[in-house]
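Note sheet for the following structure.
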Amino acid sequence: MLTIAVDAMGGDNAPKSEVEGAILATRDLPVKVVLVGVEAIVRAELGRQAENHPDVRDLPIEVAHASEFITMEDSAAKAVRTKKDSSIRVASRLMREGIAQGVVSAGNTGAVMATAKIVHGMIQGVDRPAIASALPSERGTPVVVLDVGANVDSTPEMLVQFAVMGEIYSRIIFHNRHPRVGLLSIGEEEHKGNDLTRAALPLLKALPLHFIGNVEGRDIFTGNADVVVCDGFIGNVVLKVSEGVSKMIRNMLKASLEATVTRKLGAVLSREAYRELRKRVDYSEYGGAPLLGVKGVNIICHGRSDAKAIKNAIRVAAEFAEGRVNEKIEAELERRASSIGAD
């Protein structure tokens, strides 16, 4: 049974969402969860959750004490240096020591990234880590977009590394046999884009991947690509706009249904359609976003993650560890580096 360490103090709703998410995960998945945080606070929440989940004492959940935690307002760099016993630091140490096989956190993204790099280090052949987010598409299959916030500025070589990591992640986690990889730009024509995309394009074309060239923002949601590569500044804008549009569509559809549906059968059918749409565009269905390029399994969740999102992040962490994604990324980068050297 895989063990996943959950930063119980990280999210906006911590530790409630983290504790309930751990309960849902250990009940439905073959995993063990270690909740990391101020022990008295975490155990008190476990006691409260026992009122609605009486089986909690029988579930494979443990608590590991951390005397400190990093808030969203903290400077990531300073907090990582000064709060050596923070919940995210303790969770990362559990993974380094082999007690856990993955870490999940809905806390300060910068602190999670910095801690992962300090405690575990980078995969050989990767210059900078990338956050890979799964977005919904018309085809019903998720599209992996990276980077969505780890790097404000990127080099063409970094985009190449992102493409390799995203392609492997799509194959292993989402079972795409031959993922189509696209470079996010302002037009499909090769001469369009900025200096970064124009410099990265020939490098990506040279990769032994199913590279389909430049793609536009709309191609993410039509599903015309399975993996979309961009720098972290653009990717984060895409992610935040997507969340806003998704919420707006759900609210508008709900309001329209409530205003127009009158007959009972129509109301039932419409509610079913609404629930199906909400499930397809709900970020919590996909869990967290993996931090690719660092050693170890690090899943970063939205700060507002609810229990379902935490549960699915735990699932993603377990799948990531079981699929040995990091080892495959490292082997693939090493193989390609050797091939380039031989040429």
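For this structure, a couple of remarks:
- Residues of the stretch 24-73 classified as farther than 19 Å from Ala313 by Cβ, among the polar types (S, T, N, Q) and modelled with pLDDT of 95 or more, total: 1
- Count of the stretch 31-48 residues which are without any contact (Cβ under 8 Å) to a residue 60 or more places away in the chain and either farther than 20 Å from Gly107 by Cβ or surrounded by 18 or more Cβ atoms within 10 Å (Cβ to Cβ) (or both): 10
- Hits in the stretch 49-71 (condition: touching a residue at least 12 places away in the same chain (Cβ under 8 Å) and either part of a helix (DSSP H, G or I) or among the small types (Gly, Ala, Ser) (or both)): Gln49, Val56, Ala64, Ala66, Ser67
- Arg315 at pLDDT 90 or above, part of a helix (DSSP H, G or I) and surrounded by 14 or more Cβ atoms within 10 Å (Cβ to Cβ): yes
- Check on Gly125, modelled with pLDDT under 90 and either farther than 16 Å from Lys84 by Cβ or surrounded by fewer than 20 Cβ atoms within 10 Å (Cβ to Cβ) (or both): yes
- For the stretch 134-161, a residue qualifies if it is outside any loop (DSSP other than H, G, I, E, B), farther than 16 Å from Arg218 by Cβ and within 12 Å of the chain's Cα centre (by Cα), and the qualifying residues are Ala134, Val144, Leu146.
- Test: residue in the stretch 169-191 that is surrounded by fewer than 18 Cβ atoms within 10 Å (Cβ to Cβ), assigned to a strand (DSSP E or B), on the phi > 0 side of the Ramachandran plot and not assigned by TED's automatic domain parsing to the domain that holds Phe320: no
- Entry remark, the stretch 192-229: residues being among the aliphatic types (A, V, I, L, M) and over 23 Å from the mean Cα position of the chain (by Cα) number 9 in total.
- All positions within the stretch 92-127 that are among the polar types (S, T, N, Q), outside any helix (DSSP H, G or I) and in contact with a strand residue (DSSP E or B) (Cβ under 7 Å, 6 or more places away or on another chain): Gln101, Ser105
The values are calculated or read from the model by the stated rules, or taken from the named source; none is laboratory data. Keep in mind that this is a model prediction, so the values were computed, not measured. Neighbour counts are summed over all protein chains in view; Cβ atoms, including those assigned to glycine, are modelled from backbone coordinates with ideal geometry.
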